[in-house]
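The values are calculated or read from the model by the stated rules, or taken from the named source; none is laboratory data. Treat the numbers as computed from the prediction; the structure is a model and nothing was measured. Neighbour counts are summed over all protein chains in view; Cβ atoms, including those assigned to glycine, are modelled from backbone coordinates with ideal geometry.
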Amino acid sequence: MQTLRGRTAVITGAASGFGLELARLAAHEGMRLVLADLQAEALDGAAEELRAQGAEVLAQRVDVARAVDVDALGEATRARFGAPHLVVNNAGVGAGGLVWEHSAADWQWVLGVNLLGVAHGVRVFTPMMLAAAAADPAYEGHIVNTASMAGLLCPPLMGLYNASKHAVVALSETLHHDLALVTGQVHASVLCPYFVPTAIHRSDRNRPPDLSGSSPTRSQAAARAMTEKAVSGGKVDAAQVAQLVFDAVRTRRFYIYSHPQALGGVRQRLDDVVHGHNPADPYAARPEIGAALRAALREGG
């Protein structure tokens with residue numbers, strides 16, 4: 001997609017992090033914006049900022065885990081701007097800890113946002129984009145789904161998050177193939193960022209009251225502290241990731257990596273899969289971290 005000016009972008013999770021930086025860049029490119037987020041106050045602030053830059057903005061509070069909310073977002077988009085050209089299913093939340101310690105509410109919340117949020121976006125907006133493509137040979141569309149390097153790796157203390165993001169990668173790869181069967185005008189990408197300074201480690205602030213969690217276990221507290229340290233120390237920022245996304249949309253590149261150096265771990269994992277090896281020690285390069293975690297989590301540690 002070479003032309004962005006005058007076209008419409010739909011972005012979920014648009015009030016902070018990657019979503020907000022994507023919205024800022026889209027506004028700079030002259031796109032019309034549909035912004036969705038659960039945080040009403042932050043969403044209003046983002047919309048006000050972008051309107052001040054001259055962007056035409058439709059902002060709507062949306063819980064992407066709720067099908068009816070995403071259905072309503074689709075209808076509002078159609079009514080205001082018609083079929084969108086760029087859809088970024090970006091909203092996401094984080095969770096950590098030993099995989100068996102997650103409650104049923106944890107699973108419902110994280111899979112609801114990270115996986116069903118993407119699925120609802122694909123379900124609602126892809127038919128609109130395909131209809132626009134069928135009606136106009138000049139139409140171009142692109143769908144970007146935000147996964148994670150955790151969708152290509154399986155680090156410990158991140159089982160629930162890993163599962164949600166692996167599912168997003170699989171969904172996105174299948175979307176790429178399915179679109180290729182029916183059109184040459186709508187394409188897809190998957191974003192797999194590594195540790196980037198966003199508010200992902202503070203996801204609990206957006207957790208619905210009916211899915212409230214219990215006090216964190218030792219492993220969950222350890223995972224949260226590790227994630228906060230890694231995210232806060234990230235050297236690649238959200239604005240740089242947003243630029244990578246737009247570069248990929250322009251060149252129709254499917255995989256988008258913020259930290260390609262992390263692909264060594266992906267290669268190791270896939271080698272283990274192909275050769276039937278047990279999963280490699282994730283702390284082989286930093287054995288002191290693995291030793292400290294084992295000491296902290298085992299009985300008496």
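Table: residues versus (1) in contact with a His (Cβ under 8 Å, 6 or more places away or on another chain); (2) surrounded by fewer than 21 Cβ atoms within 10 Å (Cβ to Cβ).
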{"position": "T126", "(1), (2)": "no, yes"}
{"position": "A131", "(1), (2)": "no, yes"}
{"position": "A134", "(1), (2)": "no, yes"}
{"position": "G141", "(1), (2)": "yes, no"}
{"position": "V144", "(1), (2)": "no, no"}
{"position": "P155", "(1), (2)": "no, yes"}
{"position": "A170", "(1), (2)": "no, yes"}
{"position": "H176", "(1), (2)": "yes, yes"}
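State all residues of the stretch 245-262 that are surrounded by 16 or more Cβ atoms within 10 Å (Cβ to Cβ) and part of a helix (DSSP H, G or I); if no residue qualifies, say none. Talk me through it step by step, then tell me what you get.
Residues of the stretch 245-262 surrounded by 16 or more Cβ atoms within 10 Å (Cβ to Cβ): 245-246, 248-249, 255-259, 262.
Selection gives V245, F246, A248, V249, A262.
Could you list, ordered by first residue, the pairs with Cβ atoms under 6 Å in which the first is in the stretch 121-142 and in a strand (DSSP E or B) and the second is at pLDDT 95 or above, at least 6 apart or interchain?
So the pair list comes out as G141/H85; G141/M129; G141/V186; H142/L86; H142/H187; H142/V249.
For V236, which of the numbered conditions (1) at pLDDT 80 or above; (2) part of a helix (DSSP H, G or I); (3) not charged (D, E, K, R) fails to hold?
Looking at each condition in turn, V236 falls short on (2).
All but one of (1) surrounded by 23 or more Cβ atoms within 10 Å (Cβ to Cβ); (2) in contact with an Asp or Glu (Cβ under 7 Å, 6 or more places away or on another chain) hold for A65; which doesn't?
Every listed condition holds for A65 apart from (2).
Look through the stretch 113-124, keep the residues that are buried (at least 24 other Cβ atoms within 10 Å of the Cβ) and either among the β-branched types (V, I, T) or in contact with a strand residue (DSSP E or B) (Cβ under 6 Å, 6 or more places away or on another chain) (or both), and return whichever of them is farthest from L157 (Cα to Cα).
Per the criteria, the residue is G121.
Looking only at the stretch 8-26, decide whether some residue is touching a Phe, Trp or Tyr at 6+ places or on another chain (Cβ under 8 Å), part of a strand (DSSP E or B) and either within 23 Å of A138 (Cβ to Cβ) or in the same structural domain as D136 (by TED's automatic domain parsing) (or both).
Scanning the stretch 8-26 turns up at least one residue that is touching a Phe, Trp or Tyr at 6+ places or on another chain (Cβ under 8 Å), part of a strand (DSSP E or B) and either within 23 Å of A138 (Cβ to Cβ) or in the same structural domain as D136 (by TED's automatic domain parsing) (or both).
Can you tell me how many residues within the stretch 56-76 are over 12 Å from D37 (Cα atoms) and assigned to a loop (DSSP other than H, G, I, E, B)?
The total comes to 2.
Please give the number of the condition R7 fails out of (1) surrounded by 16 or more Cβ atoms within 10 Å (Cβ to Cβ); (2) in contact with a helix residue (DSSP H, G or I) (Cβ under 8 Å, 6 or more places away or on another chain).
(2)
Go through the stretch 178-200 and give me each residue that's at pLDDT 95 or above, buried (at least 16 other Cβ atoms within 10 Å of the Cβ) and not in a loop (DSSP other than H, G, I, E, B).
Matches in the stretch 178-200: L179, V186, H187, A188, S189, V190, L191, C192.
I need a count of the residues in the stretch 77-112 that are crowded, with 16+ Cβ neighbours inside 10 Å, in a helix (DSSP H, G or I) and small (G, A, S).
Total satisfying the criteria: 1.
Return a yes/no flag: does the stretch 119-138 have any residue that is touching a Lys or Arg at 6+ places or on another chain (Cβ under 9 Å) and either of a type in the set (K, R) or in the same structural domain as A65 (by TED's automatic domain parsing) (or both).
yes
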